[in-house]
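Asker: Mind having a look at this structure? Questions to follow.
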Amino acid sequence: MNTHPTMAKGSRIGHLLADFQPDFDFIAPLPLPVEEFEERLRKIRRQAVEAGHDAIVVHAGSVGWFHASNAYLRYICDWMREGVLIIPTDSDQPLVLLSFFTQSVLLPPGGEPVLVDEIWQIGPIGREYSDRPGDSVIKTAEKCAQILARFGLTAAQIGKIGDRTSLTFWAALETLTPKCKFVADNAIVDRLQKVRSPREIALFRGAAQMISLGTQAAYHVTRPGVTDHEIYAAFSFAQLAAGGETGDGYQIGINEFGTHCGKPYGHVVRPGDLINLYISNVTCRGYTAQTARMIAVGDITPHQEDVLAACTEGVKRAEKLIRPGALMRDINNAAFGPMIERGMLTSPEARTMPYNWAPMPDGDARLIPHQYVQDIDWEAQGRKLMHVYPATHGPHNPNLGHSVGMAGAQNSFNISSHNYDLLEEGMVFVLHTQWLEPLSAGCNIGDCYVVTKNGFENLSHHTPLETHRIAAGN
């Protein structure tokens with residue numbers, strides 16, 4: 001691939017970071033104590049009793065890059081890879097884990113499971129992989145059925161917790177245990193994660209500080225002539241060196257328009273660039289934080305400055321309302337006030353708001369505009385940008401923010417105009433104001449918060465919310 005205009009010597013990133021020092025001390029938090037998992041198990045078993053379940057079966061598959069497909073096993077027993085956990089409702093019965101059934105398994109540590117008595121290795125098999133007959137999913141279901149029978153649960157009500165990767169496993173297990181009744185009950189674990197414990201909050205805080213380390217490293221290396229790959233690498237280096245678990249949970253948007261939610265592709269920083277670091281997932285022992293920051297290189301347009309100001313002011317207005325008992329709707333609506341005052345929006349209501357990935361007003365699909373957009377760094381690699389992204393103007397999302405949880409977990413709530421829930425002490429969430437006008441202006445900026453007894457803690461306070469400025473001549 002021809003990348004001559006964006007070529008950088010492999011050793012340059014080391015030189016760029018040679019004198020980097022963050023402006024705060026980072027102390028990595030310890031893993032959660034076993035007692036916390038014991039309390040979770042007690043609550044799960046109690047909810048299983050209330051639901052009439054004789055056992056809970058939890059499934060997590062494997063997805064790309066050696067990741068488990070969901071966070072349920074890590075939350076329950078600190079197992080960070082694929083597996084099936086069998087939890088008898090009776091507290092005198094042991095937990096049994098079935099695992100090592102894909103080609104992407106990892107060995108502990110980290111993640112030796114807690115509270116688990118037995119671990120069964122199913123083994124990835126098949127003709128192409130091991131020249132052996134069989135299917136690992138079916139073998140896992142067969143062993144699960146055997147364990148249930150051993151517990152006397154051949155005609156029982158079983159709560160099942162999983163995701164889309166679980167469908168084949170559930171179908172096989174239900175066939176093998178025809179007298180059992182299976183009830184989907186992800187909510188048993190989901191409900192436990194709406195409000196976080198002090199030890200969990202320490203892990204969220206650690207994840208947010210890893211983001212700050214990475215952001216400061218990215219600021220340190222950013223200057224004209226540096227590539228987006230090098231900025232991304234500097235961020236990755238700093239947070240991974242501090243104990244971050246993965247380097248693929250964030251985006252960098254970089255061009256003269258302020259476009260966010262991208263990945264590095266070989267763009268060379270130039271005067272007039274607007275750079276977004278959208279850190280949607282840095283993971284500390286399974287727990288994540290999220291922030292967003294903007295970098296302006298040299299002079300940008302007055303309209304771009306106005307968009308940056310509106311988004312920054314929006315987060316600050318919303319932040320002032322964070323406290324136990326605050327209405328999530330009010331926090332959301334406060335953030336959109338500066339946009340409404342500037343005529344960018346007419347209402348904070350999600351149902352009526354334009355947003356970047358919206359369909360047409362009648363719900364039909366929206367055609368991405370077909371138009372040549374000059375990008376000399378992309379064209380140096382033999383390609384052309386022939387569509388305008390995003391397809392329409394507005395915020396990236398029609399809301400302000402959302403809960404922050406474990407890697408691979410779903411949001412338990414959104415900070416939106418239609419959310420009339422009240423904030424509670426121990427809730428953790430991100431507030432990020434976002435705006436994009438195709439080929440014109442953009443901003444994505446936000447902080448991560450935990451609700452405290454008397455207000456809030458800004459977990460991402462080690463880097464200012466305001467746009468970071470880089471002189472054009474640096």
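Asker: Can you list the residues, at least 5 places off or on another chain, whose amide H is less than 5 Å from the amide H of Leu385, using H built in the peptide plane?
Answerer: HN-HN under 5 Å from Leu385: Val373, Asp375.
Asker: R0 = 51 Å: FRET efficiency of Arg199 with Gln121, Cβ-based, nearest 0.05?
Answerer: Plugging the Cβ-Cβ distance into 1/(1 + (r/R0)^6) gives 0.95.
Asker: Using the Karplus equation 6.51 cos²θ - 1.76 cosθ + 1.60 (θ = phi - 60°), what ³J(HN,Hα) coupling, rounded to whole Hz, does each residue of segment 242-247 give in order, writing x for Gly and Pro?
Answerer: 8, x, x, 8, 8, x
Asker: Next question. Using alpha-carbon pairs under 8 Å, 6+ residues apart, how would you state the relative contact order of the chain in percent?
Answerer: Reported as a whole number, the value is 15 percent.
Asker: Now a separate question. Using a 1.4 Å probe over the heavy atoms of the protein chains, calculate the carbon and sulfur portion of the accessible area of the chain as a whole percent.
Answerer: Ligands and nucleic acids excluded, carbon and sulfur reach 53 percent.
Asker: Now for a different question. Given points 7 Å out from each Cα along the Cα-Cβ axis, report the His418 to Ala309 separation in nanometres with one decimal.
Answerer: 3.4 nm
Asker: Taking the solvent-accessible surface of protein heavy atoms with a 1.4 Å probe, what is the per residue accessible area of the chain in Å²?
Answerer: Accessible area per residue: 45 Å².
Asker: Only Cα pairs under 8 Å and at least 6 apart count here; give the relative contact order of segment 338-410 as a rounded whole percent.
Answerer: For segment 338-410, the relative contact order is 35 percent.
Asker: Moving to a separate point now. What residues of segment 349-389 lie in the reach of a label at Ser440, counting those whose backbone N is under 16 Å from a point 7 Å from the Cα along Cα→Cβ?
Answerer: Residues 354-357, 369, 388-389 qualify, since their backbone N sits under 16 Å from the label point.
Asker: Now, a different point. Can you give the longest run of the chain that contains no trypsin sites (Lys or Arg not before Pro) sitting in a DSSP loop with at most 14 other Cβ atoms inside 10 Å?
Answerer: 10-178
Asker: Through the Karplus equation 6.51 cos²θ - 1.76 cosθ + 1.60, θ set to phi - 60°, convert the phi angles of segment 432-448 into ³J(HN,Hα) values in whole Hz; use x for Gly and Pro.
Answerer: The phi angles translate into 9, 7, 9, 8, 9, 10, x, 6, 9, 8, x, 7, 8, 8, x, 10, 10 Hz.
Asker: Just to confirm my understanding: which cysteines in the chain have no other cysteine beta carbon less than 4.7 Å from their beta carbon?
Answerer: Cys77, Cys144, Cys180, Cys261, Cys284, Cys448
Asker: Here's something else I'd like to know. Looking only at the chain, where both bridge partners belong to it, what percent of the DSSP beta bridges are antiparallel (to the nearest 5)?
Answerer: Bridges in the chain that DSSP calls antiparallel: roughly 75 percent.
Asker: First measure r as the distance between the Cβ atoms of Gln374 and Asp330, then evaluate 1/(1 + (r/R0)^6) with R0 = 41 Å and state the FRET efficiency to the nearest 0.05.
Answerer: Approximately 0.40, to the nearest 0.05.
Asker: Can you pull the one-decimal nm distance between simple spin-label points at Arg469 and Gln103, each 7 Å off the Cα toward Cβ?
Answerer: 5.4 nm
Asker: How much length is gained on full extension from Glu425 to Glu112, taking 0.36 nm per residue of separation minus their Cα-Cα distance?
Answerer: Here the answer is 109.6 nm.
Asker: Ala409's amide H: which non-local residues (gap 5+, or another chain) put their own amide H closer than 5 Å, with H modeled 1.01 Å from N in plane and none for Pro or chain starts?
Answerer: Sorted by chain and number, the residues that satisfy this are Ala71.
Asker: HN-Hα J couplings of segment 459-471 from phi, Karplus 6.51/-1.76/1.60, θ = phi - 60°, integer Hz, Gly and Pro as x?
Answerer: Going residue by residue, I get 6, 10, 6, 6, 10, x, 5, 4, 4, 7, 10, 10, 5 Hz, with x marking Gly and Pro.
Asker: May I ask for the distance between the Cα centers of segment 232-246 and segment 171-188, given as a whole number of Å?
Answerer: Between the Cα centres of segment 232-246 and segment 171-188 lies a distance of 41 Å.
Asker: Hey, which lysines would be in cross-link range of Lys453, C-alpha to C-alpha under 23 Å, not counting anything within fewer than 8 residues on its own chain?
Answerer: Lys194, Lys316, Lys320
Asker: Just for segment 76-152, what percent of DSSP beta bridges are antiparallel, to the closest 5?
Answerer: Within segment 76-152, antiparallel bridges account for around 45 percent of the total.
Asker: By how many nm would the segment from Met360 to Glu174 grow when fully extended, if each residue of separation counts as 0.36 nm and the alpha-carbon distance is taken off?
Answerer: Gain in length upon complete extension: 62.8 nm.
Asker: Take the Cα pairs of segment 149-234, get the Kirkwood Rh, then feed it into Stokes-Einstein at 25 °C and 0.890 mPa s and tell me D in µm²/s.
Answerer: 139 µm²/s
Asker: Then there's this: Taking the Cα-to-Cβ direction at Leu240 and at His461 and moving 7 Å from each Cα, how far apart do the two end points lie in nm?
Answerer: Computed distance between label sites Leu240 and His461 equals 3.1 nm.
Asker: Taking each pair of distinct Cα atoms in segment 150-299 once, what is the resulting Kirkwood hydrodynamic radius in Å?
Answerer: Across segment 150-299, the inverse of the average 1/r is 18.3 Å.
Asker: Give me the percent of Cα-Cα pairs in the chain that sit more than 35 Å apart, rounded to a whole number.
Answerer: Percent of Cα pairs beyond 35 Å in the chain: 40.
Asker: Still on this model: Do you know the relative contact order of segment 92-149, to the nearest whole percent, from alpha carbon pairs under 8 angstrom that are 6+ apart?
Answerer: 35 percent
The values are calculated or read from the model by the stated rules, or taken from the named source; none is laboratory data. What you are looking at is a predicted structure, and each value in this text was computed from that prediction instead of being measured. Here Cβ is always computed from backbone atoms with ideal geometry, including for glycine, and neighbour counts include all displayed protein chains. These area figures cover heavy atoms from the full protein model, side chains too; ligands, DNA and RNA do not enter into them. Shrake-Rupley method; radii C 1.70, N 1.55, O 1.52, S 1.80 Å.
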